[in-house]
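Below: one structure, written as structure tokens.
The values are calculated or read from the model by the stated rules, or taken from the named source; none is laboratory data. Computed from a prediction, not measured in an experiment: that's the story for all the values here. Cβ placement follows ideal geometry from the backbone for every residue including glycine, while neighbour counts extend to all protein chains displayed. Just the protein is used for accessible areas: all its heavy atoms, side chains included, with ligands, DNA and RNA removed. Shrake-Rupley method; radii C 1.70, N 1.55, O 1.52, S 1.80 Å.
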Amino acid sequence: MAPASEPFDMQHDQTIPGMRRATPADAALVRGFTRAAYAKWVEVIGREPRPMTADYDVALREHRIDLVEPDGQLQALIETHAAPDHLLIVNVAVAPEHQGKGLGRALLAHAESLARAAGLAEMRLYTNSRFASNIALYARQGYEQYAEEVLPPLGIVIHMKKTLR
């Protein structure tokens, strides 16, 4: 059995307990959850990060959003969008009280499984350059930086990718 801080086995493609695909009826839930999960970053960057201001009614029509709700309580989500040559991770959000327990890594592995199932060999994501802990997490999971983009007033966006084997 995995220790409490590592409840998800990242070496195996597995279903995350309590995972389900979001529906259009979940827009308010996704919006509120994402706002709470990203709140800690407002002070770091001096504004609300993009996921806090996204239109989730539109996102739920155009992207895939998977929710992790063991026991009916939303703990995490991942938003992805398939492009012709890669799967883009648009948003990964974990409730503050569930961070550090492996949910983010499990969701990244889930996205990689989705990409493989779709015949895609590359993952991409982007994040704010000031989100150092997120950049480090992605790097530990095999993502490498391939571009920086200055987007006033958003700041510097770090683009990362991972080739799937």
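Observations
- Residue in segment 39-51 that is over 17 Å from His110 (Cβ atoms), out of contact with any Gly (no Cβ under 8 Å at 6 or more places or on another chain) and of a type in the set (Asp, Glu) present: yes
- Evaluated against (1) charged (D, E, K, R); (2) exposed (fewer than 12 other Cβ atoms within 10 Å of the Cβ); (3) modelled with pLDDT of 90 or more, Glu79 falls short on exactly one condition, (2).
- Residue check: Arg124 meets all listed conditions (1) open to solvent by 30 Å² or more (accessible area, probe 1.4 Å); (2) within 17 Å of Val42 (Cβ to Cβ); (3) not in a helix (DSSP H, G or I) but one, namely (2).
- Residue in segment 4-14 that is open to solvent by 40 Å² or more (accessible area, probe 1.4 Å), out of contact with any helix residue (DSSP H, G or I) (no Cβ under 9 Å at 6 or more places or on another chain), at pLDDT 85 or above and in a loop (DSSP other than H, G, I, E, B) present: no
- Residue under evaluation His110, criteria (1) under 18 Å from Ala82 (Cβ atoms); (2) without any contact (Cβ under 8 Å) to a residue 60 or more places away in the chain; (3) assigned to a helix (DSSP H, G or I); (4) not hydrophobic (A, V, I, L, M, F, W, C), criterion not met: (2)
- Residues that are touching a Lys or Arg at 6+ places or on another chain (Cβ under 6 Å), open to solvent by 20 Å² or more (accessible area, probe 1.4 Å), under 21 Å from Thr34 (Cβ atoms) and not basic (Lys, Arg) occur at least once in segment 82-91.
- Within segment 127-148, considering residues that are open to solvent by less than 40 Å² (accessible area, probe 1.4 Å) and touching a residue at least 60 places away in the same chain (Cβ under 8 Å), the one farthest from Glu43 (Cα to Cα): Asn128
- Within segment 63-96, considering residues that are in a helix (DSSP H, G or I) and over 16 Å from the mean Cα position of the chain (by Cα), the one nearest to Ala111 (Cα to Cα): Pro70
- Residue ID - nearest to Leu103 (Cα to Cα), chosen from residues in segment 149-165 that are modelled with pLDDT of 95 or more and open to solvent by 50 Å² or more (accessible area, probe 1.4 Å): Lys161
- Conditions (1) touching a residue at least 24 places away in the same chain (Cβ under 8 Å); (2) within 25 Å of Ser129 (Cβ to Cβ); (3) not polar (S, T, N, Q); (4) not in a helix (DSSP H, G or I): number failed by Glu48: (1)
- Scope segment 38-54; condition among the aliphatic types (A, V, I, L, M) and more than 22 Å from Gln75 (Cβ to Cβ); matching residues: Val44, Ile45
- Checking each residue of segment 98-121 against the condition of being open to solvent by 30 Å² or more (accessible area, probe 1.4 Å) and of a type in the set (Asp, Glu) gives no match.
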